[in-house]
Amino acid sequence: MEIDGFRGELMAPDHAEYDTARAVWNGTIDRRPRLIARCSGAADAAAAVRFARDHDLEIAVRGGGHGVAGAAVCDDGIVIDLSAMRAVWVDPANRTARVQGGALWGDVDQETQAHGLATTGGIIGHTGVGGLTLGGGIGWLMRKHGLSIDNLLAAEVVTAEGTSVVASPDEHPDLFWALRGGGGNFGVVTSFQFALHPVGPTVTAGPVFWAADDTADVLRFYRDFVSDIPDELGTVVKLCTIPPLPVIPEDLHWRPAIAVACCYAGAVEDGERAVQALRGFGSPLIDLIAPKAYVAHQWGLDDTVPHGWHYYWKSTNLAGLSNDAIGVVAAHAHAANSPRSYAAMFHFGGAVARVPHDATAYAGRDVPHNIIIHGAWLPEESGEMEAAETAWARGFLEALEPHRADSVYVNFIDADEDDSRVRDAYGDEIHQRLAEVKAKYDPDNAFHLNQNIRPE
Ligand SMILES: Cc1cc2nc3c(=O)[nH]c(=O)nc-3n(C[C@H](O)[C@H](O)[C@H](O)COP(=O)(O)OP(=O)(O)OC[C@H]3O[C@@H](n4cnc5c(N)ncnc54)[C@H](O)[C@@H]3O)c2cc1C
């Protein structure tokens, strides 16, 4: 099979690398596309879209391939694979970076930190910039510098017609609005331009772990602690087993625990002051907060969620951390069967909450916390363990029902949710506006392998 004007690599099922190229982060996804079009640039992406439309092929777009739902790969159709497009160009004078659509956050951090700069990205280095940014983008720096989309200055997009356009506040502003939260619904983004900020390169960062038995006490303390912290301090709670990382003594490996991990986006000494009370609470099992390179902090958890394990997620935004909500979290978080499963809670507020609700397509700026319930097990454990972790995640979410906010982060929705969950992610007003932009840029819903917005 050939594609007119395509210079990248085409992989059909008989290609030696086909099986590697069709694999995504979540090892439960096992799909066999008819063709994988590994693009070398925006022109290839445009040629591939035109080819797919002409031949009536279903289109999947692969950024980092990290989406838990596996939308980056399809059965039978074509995968427009951006994984060879990972370049990052930094303009230190203007504090901006241009990032290709298949880059990972590790690529961005590596290049921007060479200049002491950074922008809000995910907390795992091997997550794709594409999917993460298009859904909103939450991470350590968001309370100080906003979501990834709040730092997006422009994007180059291949539309459903197979033409390249620039979306920015001045060009196609409706498309630019929709790209900032609306996911992969509106085209293939071949490059992103981000605003950067001085960060580090050394920051006060890391986790403190307490025993799982202390979960409720730690969460009650944490709720009060984060009610009065500077915007510079980003925190994530992890309810997990202690990962078997080389920096952690072996006798603690796999022990059930609660961790509060943090990163202070400011001077190291200010960070040390900001986390003092946290480090002083109760009797930690281990305290790994220290001055460290921002990039090292960003990569610190990469090995705890490797490619190829089997994953199943549930998530919701939370209305707050009442004592009852904390009781539910404490009762369920450590009841998973797999030591690889965990729950994590991001803390919002700060710059995220100061952006007006309708400025972008991301909803849920007003929520204080979310929770992601992250079932994880080894491929050889599928069967009983899969059933157990799926039931655990579902039961946990169900128990949280009275404590849920109306919204959910669109990037944390797994494949078994129906359309109503996508509507929940946006709320009626933003969803309607997204549907109208979709009708203008993709009236046939060619880009539907995503958290889909139907054209209206
Ligand atoms: C371990 C882990 C940690 C995570 N941590 C965070 C976090 O800290 N913060 C956060 O906000 N999210 C986080 N996420 C969620 C993450 O935002 C989503 O998984 C996101 O979809 C990943 O983007 P990707 O490009 O790797 O995904 P892919 O699977 O490649 O794509 C996901 C969706 O986005 C579309 N897409 C991807 N790239 C493009 C593009 N260039 N143009 C058009 N459409 C595109 C795809 O078609 C697909 O529909 C995490 C996910 C995992 C698995």
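A few points about this structure:
- Options Thr316, Thr360; residue that is open to solvent by less than 10 Å² (accessible area, probe 1.4 Å), under 17 Å from Ser148 (Cβ atoms), β-branched (Val, Ile, Thr) and touching a residue at least 60 places away in the same chain (Cβ under 8 Å): Thr360
- Extreme residue, nearest to the ligand (Cβ to nearest atom), among residues of region 399-417 that are open to solvent by 30 Å² or more (accessible area, probe 1.4 Å) and within 24 Å of Gly63 (Cβ to Cβ): Asn411
- Listed by position, the helices (runs of 4 or more DSSP H) contained in region 232-307 that have at least 2 residues being more than 16 Å from Ala205 (Cβ to Cβ) are 276-280.
- Some residue of region 93-102 being within 9 Å of the ligand (Cβ to nearest atom), in contact with a helix residue (DSSP H, G or I) (Cβ under 6 Å, 6 or more places away or on another chain) and under 30 Å from Ser407 (Cα atoms): yes
- Set Val295, Val247: member being modelled with pLDDT under 95 and either open to solvent by 60 Å² or more (accessible area, probe 1.4 Å) or in the same structural domain as Val208 (by TED's automatic domain parsing) (or both): Val247
- For Gly375: the one exception among (1) touching a residue at least 24 places away in the same chain (Cβ under 8 Å); (2) closer than 29 Å to Leu233 by Cα; (3) open to solvent by 10 Å² or more (accessible area, probe 1.4 Å): (3)
- For the criterion of being within 12 Å of the ligand (Cβ to nearest atom), within 20 Å of Leu153 (Cα to Cα), modelled with pLDDT of 95 or more and surrounded by fewer than 23 Cβ atoms within 10 Å (Cβ to Cβ), Arg86 passes.
- Taken over region 32-50, the residue count meeting the criterion of being in a helix (DSSP H, G or I) and out of contact with any Lys or Arg (no Cβ under 7 Å at 6 or more places or on another chain) is 8.
- Test for Ala336: is it touching a residue at least 60 places away in the same chain (Cβ under 8 Å), aliphatic (A, V, I, L, M) and either in the same structural domain as Asp303 (by TED's automatic domain parsing) or in contact with a strand residue (DSSP E or B) (Cβ under 7 Å, 6 or more places away or on another chain) (or both): no
- Number of residues in region 124-146 that are crowded, with 24+ Cβ neighbours inside 10 Å, more than 18 Å from Asp107 (Cα to Cα) and more than 8 Å from the ligand (Cβ to nearest atom) equals 4.
- Among the residues listed as Ala16, Ala52, Ala45, the single one being on the phi < 0 side of the Ramachandran plot, open to solvent by 10 Å² or more (accessible area, probe 1.4 Å) and among the small types (Gly, Ala, Ser): Ala16
- Filter result for the condition that a residue is at positive phi and not assigned by TED's automatic domain parsing to the domain that holds Val108, over Gly70, Gly27, Gly77, Gly63: Gly70
- Within region 184-199, not a single residue is closer than 28 Å to Leu245 by Cα, part of a helix (DSSP H, G or I) and modelled with pLDDT of 95 or more.
- Inside region 6-30, residues that are in contact with a strand residue (DSSP E or B) (Cβ under 8 Å, 6 or more places away or on another chain) and farther than 23 Å from Arg86 by Cα make up a count of 1.
The values are calculated or read from the model by the stated rules, or taken from the named source; none is laboratory data. Since we're looking at a predicted model, the values are computed, not measured. Here the Cβ is made from the backbone with ideal geometry for all residues, glycine too, and neighbour counts use every protein chain on show. Heads up: the accessible areas ignore ligands, DNA and RNA and are worked out on the full protein's heavy atoms, side chains in. Shrake-Rupley method; radii C 1.70, N 1.55, O 1.52, S 1.80 Å.
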